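Visitor: Please read through the structure below; I'll follow up with questions.
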Amino acid sequence: MTPDDFRRIALSLEGAEEGSHMGSADFRVGGRIFATLWTDDRMNVMVDEDGIRTAVERAPETCEPVWWGKRLAAVAVTLSAVDRSFLDELLTDAWEGKAPRRLLADR
């Protein structure tokens with residue numbers, strides 16, 4: 001996967017918009033960040049703690065937990081190693097966790 005692949009997948013989710021967060025591209029829905037592109041080969045996906053643990057367990061060669069202080073905040077994903085279907089699933093889960101109710105009701 002490339003940054004452009006990641007960007008296309010993230011922006012294909014309803015209501016998703018690209019912005020900037022701390023100098024890196026971010027992807028938001030309803031004003032809430034669901035993913036960030038930190039480097040050309042690393043993105044952070046903001047799924048819940050169970051989702052983070054599951055992603056790391058399922059793909060330890062691709063994923064690692066991201067801590068924000070003492071809080072488990074995201075899963076870091078290596079783009080060059082991630083499978084497309086796995087990335088789709090992670091981004092959809094993150095989007096669902098941040099999307100406004102009106103968008104979720106349409107699904």
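Visitor: Among (1) touching a residue at least 24 places away in the same chain (Cβ under 8 Å); (2) more than 18 Å from residue 11 (Cβ to Cβ), where does residue 98 come up short?
Guide: Of (1) touching a residue at least 24 places away in the same chain (Cβ under 8 Å); (2) more than 18 Å from residue 11 (Cβ to Cβ), only one is false for residue 98: (2).
Visitor: Out of all the residues in the stretch 25-82, which are of a type in the set (Asp, Glu) and closer than 21 Å to residue 96 by Cβ?
Guide: 26, 48, 49, 50, 57
Visitor: Being over 20 Å from residue 26 (Cα atoms) and outside any loop (DSSP other than H, G, I, E, B) is true for just one of 72, 104, 87, 91. Which residue is that?
Guide: On the way: 72 fails: over 20 Å from residue 26 (Cα atoms); 87 fails: over 20 Å from residue 26 (Cα atoms); 91 fails: over 20 Å from residue 26 (Cα atoms).
Residue meeting the stated conditions: 104.
Visitor: Shifting gears a bit: Mind telling me which of the residues 39, 54 ends up being within 15 Å of residue 76 (Cβ to Cβ), out of contact with any Ser or Thr (no Cβ under 6 Å at 6 or more places or on another chain), surrounded by fewer than 16 Cβ atoms within 10 Å (Cβ to Cβ) and of a type in the set (Ser, Thr, Tyr)? Let's see the steps before the verdict.
Guide: Working: 54 fails: surrounded by fewer than 16 Cβ atoms within 10 Å (Cβ to Cβ).
Checking each option against the conditions leaves just 39.
Visitor: Also: Return a yes/no flag: does the stretch 53-67 have any residue that is under 23 Å from residue 104 (Cα atoms), among the aromatic types (Phe, Trp, Tyr) and assigned to a strand (DSSP E or B). It would help to see each step written out before you state the result.
Guide: Step one: filter the stretch 53-67 for residues under 23 Å from residue 104 (Cα atoms), giving 54-55.
Narrowing further to those that are among the aromatic types (Phe, Trp, Tyr): none.
Checked against the condition, which is being under 23 Å from residue 104 (Cα atoms), among the aromatic types (Phe, Trp, Tyr) and assigned to a strand (DSSP E or B), the stretch 53-67 yields no hits at all.
Visitor: Among the numbered conditions (1) open to solvent by less than 20 Å² (accessible area, probe 1.4 Å); (2) among the hydrophobic types (A, V, I, L, M, F, W, C); (3) within 14 Å of the chain's Cα centre (by Cα); (4) within 17 Å of residue 11 (Cα to Cα), tell me where residue 63 comes up short.
Guide: Only one criterion in (1) open to solvent by less than 20 Å² (accessible area, probe 1.4 Å); (2) among the hydrophobic types (A, V, I, L, M, F, W, C); (3) within 14 Å of the chain's Cα centre (by Cα); (4) within 17 Å of residue 11 (Cα to Cα) is unmet by residue 63, namely (4).
Visitor: While we're on this one: So residue 80 passes all but one of these: (1) closer than 21 Å to residue 8 by Cα; (2) part of a helix (DSSP H, G or I); (3) hydroxyl-bearing (Ser, Thr, Tyr); (4) open to solvent by 50 Å² or more (accessible area, probe 1.4 Å). Which condition number does it fail?
Guide: Result: residue 80 fails condition (2) only.
Visitor: For residue 15, work out the one condition from (1) surrounded by 13 or more Cβ atoms within 10 Å (Cβ to Cβ); (2) within 13 Å of the chain's Cα centre (by Cα); (3) over 19 Å from residue 63 (Cα atoms) it doesn't fulfil.
Guide: (2)
Visitor: Would you confirm, using the coordinates I've provided, whether residue 75 is in contact with a Cys (Cβ under 8 Å, 6 or more places away or on another chain) and without any contact (Cβ under 8 Å) to a residue 24 or more places away in the chain?
Guide: Working: in contact with a Cys (Cβ under 8 Å, 6 or more places away or on another chain): yes; without any contact (Cβ under 8 Å) to a residue 24 or more places away in the chain: no.
Considered against the rule, which asks whether it is in contact with a Cys (Cβ under 8 Å, 6 or more places away or on another chain) and without any contact (Cβ under 8 Å) to a residue 24 or more places away in the chain, residue 75 comes out as no.
Visitor: Taking the stretch 68-77 only, how many residues are within 19 Å of residue 23 (Cα to Cα) and open to solvent by 10 Å² or more (accessible area, probe 1.4 Å)?
Guide: 2
Visitor: What do you reckon, is residue 95 of a type in the set (Phe, Trp, Tyr) and touching a strand residue (DSSP E or B) at 6+ places or on another chain (Cβ under 6 Å)? Break it down into steps so the answer makes sense when it comes.
Guide: Working: of a type in the set (Phe, Trp, Tyr): yes; touching a strand residue (DSSP E or B) at 6+ places or on another chain (Cβ under 6 Å): yes.
So residue 95 passes the test.
The values are calculated or read from the model by the stated rules, or taken from the named source; none is laboratory data. As the structure is a computational prediction, the values presented were derived from the model and not from experiment. Cβ atoms come from the backbone with ideal geometry, glycine included; neighbour counts cover every protein chain shown. Keep in mind that these areas ignore ligands, DNA and RNA; they rest on the heavy atoms of the full protein, side chains included. Shrake-Rupley method; radii C 1.70, N 1.55, O 1.52, S 1.80 Å.
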